[in-house]
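The next block holds one structure in the form of structure tokens; read it before the comments.
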Amino acid sequence: MQPNATNPDRMGNSEQSVPTIVEHLFRHESGRLVSNLARSIGLARLDLAEEAVQDALIQALRRWPFHGIPQNPTGWLAQVARNRVIDILRRQTNFEKKKEDFAHARMPELPRETDLGDDELADDQLAMIFACCHPLIPRDARIALTLKSVGGFSVEEIAKAFFAAPTAIAQRLVRAKKRIKEKGISLSLPDIEEKTGRLDTVLRVLYLIFNEGYTAHSGDRLIRRDLCAEAIRLTSLLSTRAETNGPKTQALLALLLLQAARFPGREDESGELLLLDDQDRNRWDRELIRRGLFHLGESACGDDLSEYHLQAGLASLHVTAPSVDAVDWKAVLWHYDRLLAISHSPVVALNRVVALSRIEGPAAGLQALAQIENSKALQNYYLLPSTKGDLLRRLGQPAEAAEEFKRALATGCSTPEMRFLQRRLQECSADG
Amino acid sequence: MSQFMLVLYDTQEMGQKFQNFSPEEMQAAVGKYFAWAESLKSRGIHKGGNKLKDEPGKVMLPASDKPEVVDGPYLETKELVGGYFLIEAADYDEAVKICSDCPQLELGGKIELREIDQVD
């Protein structure tokens with residue numbers, strides 16, 4: 001029963017047959033093939049493309065355990081999916097022919113070769129991203145449709161990531177597909193005139209996908225990490241084509257890479273999230289930082305200083321500083337001033353207060369805070385009382401600070417945030 | 001050492017599961033089969049196996065004049081032999097143990113074990 005190490009046949013066998021499939025191959029191929037097939041048979045038949053690809057993956061699951069991995073797994077999947085499309089179309093055509101008595105039932109041309117070039121597949125996927133983020137697709141369906149059709153995520157996975165009911169996600173997808181048919185949305189890259197507007201919606205969707213994965217309020221952690229990786233993958237894809245590249249694409253790519261670089265330091269041993277001040281900066285991913293800074297440099301052309309530019313700029317200031325105290329807070333403040341001018345967001349204003357207090361002290365911070373305190377959007381936001389508490393603590397008013405931390409705890413925040421606040425609260429009681 | 005034939009039945013439940021699987025879940029399932037087969041190979045007890053085609057085969061039935069040939073078994077039937085493996089094991093107990101971590105079961109499928117009757 002022991003493996004016979006001297007048997008050359010067996011050794012060769014086991015060396016060859018350590019079968020590993022590239023990570024996420026099925027998911028990525030699913031997205032690539034759905035885009036490719038939908039481009040061949042028309043986006044109106046997206047359901048059919050999805051069905052064929054699902055069937056191809058099921059075939060792989062049922063046959064590969066016996067046969068092993070084919071020499072060219074992606075080519076294998078493409079071929080099986082394509083055959084499946086032809087099968088289904090043939091059956092449908094016969095059916096419709098009988099029912100409606102069509103004189104010519106048309107069979108669309110499908111590319112014959114098994115191995116599609118990466119370029120071609122990338123084009124198909126880019127066209128699919130633009131279709132999924134089309135202005136005529138309901139806003140709330142764009143993300144789900146992009147993740148499903150381009151990313152190869154299942155309805156369940158999307159629902160998990162967004163903490164939503166699978167039926168709700170499925171309904172969004174149905175509505176989006178209906179809209180595609182009604183409006184005759186096709187798979188093509190936008191032309192020059194419409195490029196800017198449509199690229200903006202695409203970048204927004206990718207930004208939101210990343211944010212959903214990055215922020216920590218709810219949902220399955222593994223899937224959320226995958227969302228971030230997918231947003232980076234698709235933004236990188238956009239940056240490879242003249243039609244979809246530009247300063248904003250580069251800025252978004254820089255932002256996502258610089259944020260993702262902090263993933264390794266964001267959690268403690270037990271997997272709980274750490275706040276920026278507590279993170280071990282040595283654990284941040286140097287390679288992602290390097291790539292992020294490169295793209296930030298690339299984004300600095302043209303005269304558009306977008307939100308992505310500013311946010312990437314902010315991220316770069318944090319990741320390049322050796323410690324929190326070494327952060328160039330003046331530069332941070334400059335970025336928040338510009339960002340506030342674009343977005344008028346109270347959350348940005350609150351972050352600006354933090355930067356300001358690092359430069360001019362807690363009293364100046366409190367003064368600035370007084371101007372935004374009553375903003376409705378901040379009323380249930382734990383960072384408002386938490387920031388205020390911090391400023392009061394620094395001013396030497398622990399009792400008042402403690403009140404603010406208690407208020408922050410009452411707003412309902414995540415576990416690591418709560419632990420942070422409780423720690424601060426204890427410090428105040430010790431001081432007071 | 002005896003040889004056993006493991007007949008892997010794909011059930012309806014399994015088929016439905018696969019329909020709803022995400023690409024990621026399918027890849028994970030393939031990986032589990034590979035890991036299982038790999039452990040048999042590394043122990044030298046993997047003696048072969050094949051997938052059977054899904055399209056209905058033929059079933060021959062006796063008849064008074066000449067045998068009747070019909071199509072089947074059909075995919076619509078509750079279970080379908082997906083394929084088989086040949087393994088080596090000391091006895092049924094060991095063979096059962098080997099099969100107990102085969103992903104087929106976890107995925108809702110069924111395994112039938114039959115000892116090969118070898119010529120003495």
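Every read-out reported here was derived from the displayed coordinates using simple, explicitly stated rules and does not represent laboratory data. If you're wondering where the values come from, they're calculated on a predicted model, not measured in any experiment. Positions of Cβ are generated from backbone atoms using ideal geometry, with glycine treated the same way; all protein chains shown enter the neighbour counts.
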Q | Most mobile listed residue (A:Gln250, A:Gln259, A:Gln71) in chain A, GNM with C-alpha springs under 10 Å | A | A:Gln71
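When all alpha-carbon pairs of chain A are counted, what percent fall beyond 40 Å? Intermediate values should be presented prior to the final figure.
Numbers: 29282 of 93096 pairs.
Above the 40 Å cut-off, chain A has 31 percent of its Cα pairs.
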Q: Please give the helix A:192-214 orientation as an angle from the longest Cα principal axis of chain A, in degrees from 0 to 90, rounded to the nearest 10.
A: 70 degrees
Q. Where nothing but the Cβ of Lys and Arg (+1) and of Asp and Glu (-1) is charged, how large is the charge dipole of the range A:270-327 around its Cα centre, in debye to the nearest 20?
A. 260 debye
Q. Rounded if a/c is under 1.5, else prolate if a/b beats b/c, else oblate: with a ≥ b ≥ c from the C-alpha gyration tensor eigenvalues square-rooted, which is the range B:2-115?
A. oblate
Q | Whether the range A:244-387 is rounded, prolate or oblate, judged on the alpha carbon gyration tensor where a/c under 1.5 counts as rounded | A | oblate
(Q) Please compare each pair in B:Lys47/B:Lys78; B:Lys41/B:Lys97; B:Lys58/B:Lys78 to a cut-off of 21 Å on the Cα-Cα distance and tell me which ones are over it. (A) B:Lys47/B:Lys78
Q: Please list, or write none, the lysines whose alpha carbon is within less than 27 Å of the alpha carbon of A:Lys177, excluding same-chain residues fewer than 8 places away.
A: A:Lys97, A:Lys98, A:Lys99, A:Lys148, A:Lys160, A:Lys195, B:Lys17
Q. Most exposed first by the Cβ proxy, i.e. fewest other Cβ within 10 Å, how do B:Cys99, A:Cys301, A:Cys132 rank?
A. A:Cys301, B:Cys99, A:Cys132
**Q.** the range A:112-189: chymotrypsin sites (Phe, Trp or Tyr not before Pro) falling in loop per DSSP and having at most 13 other Cβ within 10 Å
**A.** A:Phe163
Q: Just rank B:Lys17, A:Lys183, fewest to most, by other beta-carbon atoms within 10 angstrom.
A: A:Lys183, B:Lys17
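Peptide B:50-56: average number of partner chain Cβ atoms within 10 Å per residue? Each step should come with its number before you reach the end.
Numbers: counts 2, 6, 1, 1, 3, 0, 0.
Counting other chains' Cβ atoms within 10 Å and averaging over B:50-56 gives 2.
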Q | Choice from A:Glu267, A:Glu182, A:Glu51 with maximal GNM fluctuation in chain A (Cα, 10 Å cutoff) | A | A:Glu182
(Q) Taking amide H atoms as placed 1.01 Å from N in the peptide plane, list the residues 5 or more away in sequence, or in a different chain, whose amide H sits under 5 Å from that of B:Lys47. (A) B:Leu86, B:Ile87, B:Glu88
**Q.** Fluctuation leader among A:Asp123, A:Asp303, A:Asp47 - chain A, Gaussian network, Cα springs under 10 angstrom
**A.** A:Asp303
Q.
With 10 angstrom as the radius, rank A:Arg424, A:Arg32 by how many other C-beta atoms surround their C-beta, starting from the fewest.
A. A:Arg424, A:Arg32
